[in-house]
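Q: This is the structure I want to talk about, given as structure tokens.
Every number in this text was worked out from the coordinates using simple rules, so none of it is lab data. Remember, predicted model here, so these are calculated numbers, not experimental data. Virtual Cβ from ideal backbone geometry, glycine too; neighbours counted across all protein chains shown.
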């Protein structure tokens, strides 16, 4: 059993946010955590090359969290040293007019990674069951054919997502979903840090406080979403996020652990003509 299993949301059990920790006790100091992360990202870089060369699977990493939980910095940290040609990061904010003219899964579907590559979603189609659920007035711009029944809309979207992810998994996409579980107090601390540092002013907006005031509504939406959509083929990992260094090491470890289980390998080659090829190349000198 992997040491990361305790953060994996079991689809057979009811997920409750009240039982999901935001912090952990660790004996590792910052130096040790950075060393651990460096080791893991080095392994990730090696595995990415094999994933690309084998060209059978793709990897989709989904990050969801409240503001200031550390999504951006975690993505940067775990991909450090990975060949940038082998992955792409897609960030999903307010949908465009073109995106609103399609179903809610379309804008992410067109950004899915091809075989051999890694796709990273900084927020994702899950926003349609989070921010839209907390702000149902946003549904007015989605041009739905019928007036949605809010008692059933979210369960219908959960079903659409699960079937979408099942389809992707059947066709070789390995899906890992990370909920970076930051506490309300730690979010407050990070907001204050932004307000006290001129280099971080740009990260803060008045809207951050408006969304923070809806914390309980968001937690309810996250709980329902994770409970309904964690599956064997697309699991959620609820990662305690109050300690950023520790969190990054866990995310990197889960990625490495998952890729190692794929038994990736470089394709074999027919070497029978290699000596002839080498002779021809040397004859050019």
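Q: Candidates (i) 34, 21, 20; (ii) 42, 30, 16; (iii) 36, 25, 19; which is the computed semi-axes √(5λ) of the Cα gyration tensor in Å?
A: The calculated read-out lines up with (iii).
Q: When only C-alpha pairs under 8 Å and at least 6 residues apart count, what is the relative contact order of the stretch 159-280, in percent? List each step's numbers first, then the result.
A: Values: 69 pairs, mean separation 45.5, N = 122.
Once divided by the residue count of the stretch 159-280, the mean separation gives 37 percent.
Q: How big is the Rg/Rh ratio for the stretch 1-126, C-alpha atoms only, Rh by Kirkwood, two decimals? Intermediate results must be reported in sequence, preceding the final value.
A: On the way: Rg = 17.0 Å, Rh = 17.1 Å.
Taking Rg over the Kirkwood Rh, I get 0.99.
Q: Could you tell me the center-to-center distance, by alpha carbons, between the stretch 194-261 and the stretch 142-163 in angstrom?
A: Computed from Cα coordinates, the inter-centre distance equals 24 Å.
Q: Let me ask something additional. Under 8 Å for C-alpha pairs, at least 6 residues apart: give me the relative contact order for the chain, rounded to a whole percent.
A: Relative CO of the chain lands at 35 percent.
Q: Translational diffusion coefficient, Stokes-Einstein: compute it for the stretch 131-221 using the Kirkwood radius over C-alpha pairs as Rh, at 25 °C and 0.890 mPa s, and state it as an integer in µm² s⁻¹. Walk me through the intermediate numbers first.
A: Working: Rh = 16.5 Å.
My calculation gives 149 µm²/s for D.
Q: Neighbour counts of other C-beta atoms within 10 Å: give me 117, 49, 232 arranged from fewest to most.
A: Ordered by Cβ neighbours within 10 Å, fewest first: 232, 49, 117.
Q: Among 176, 153, 112, which one moves the most in a GNM of the chain with springs linking Cα atoms closer than 10 Å?
A: Among 176, 153, 112, the largest GNM mean-square fluctuation belongs to 153.
Q: For the chain, with a Gaussian network of springs between Cα atoms less than 10 Å apart, report the residue from 90, 231, 18 with the top mean-square fluctuation.
A: 18
Q: With N residues in the stretch 151-285, what two-decimal value do you get for its Cα radius of gyration over 2.2 N^0.38 Å? Walk me through the intermediate numbers first.
A: Working: Rg = 23.9 Å, N = 135, 2.2 N^0.38 = 14.2 Å.
Its radius of gyration relative to the 2.2 N^0.38 Å reference: 1.68.
Q: What percentages make up the Cα-Cα pair-distance distribution of the stretch 77-136 when the bins are 5 Å wide from 0?
A: Taking all Cα pairs of the stretch 77-136, the binned fractions are 4, 15, 25, 22, 14, 11, 7, 2, 0 percent.
Q: Okay, moving on. Report the label-to-label distance for residue 73 and residue 143 in nanometres (one decimal), using points 7 Å from each Cα along the Cα→Cβ vector.
A: Calculated label separation equals 4.0 nm.
Q: Let me ask something else about it. By counting other Cβ atoms within 10 Å of each Cβ, how are 192, 245 ranked from fewest to most?
A: Details: 192 11, 245 18.
Lowest to highest Cβ neighbour count: 192, 245.
Q: Could you check which residue among 251, 24, 182 shows the biggest mean-square fluctuation in a GNM of the chain with a 10 Å Cα cutoff?
A: Highest fluctuation among the options: 24.
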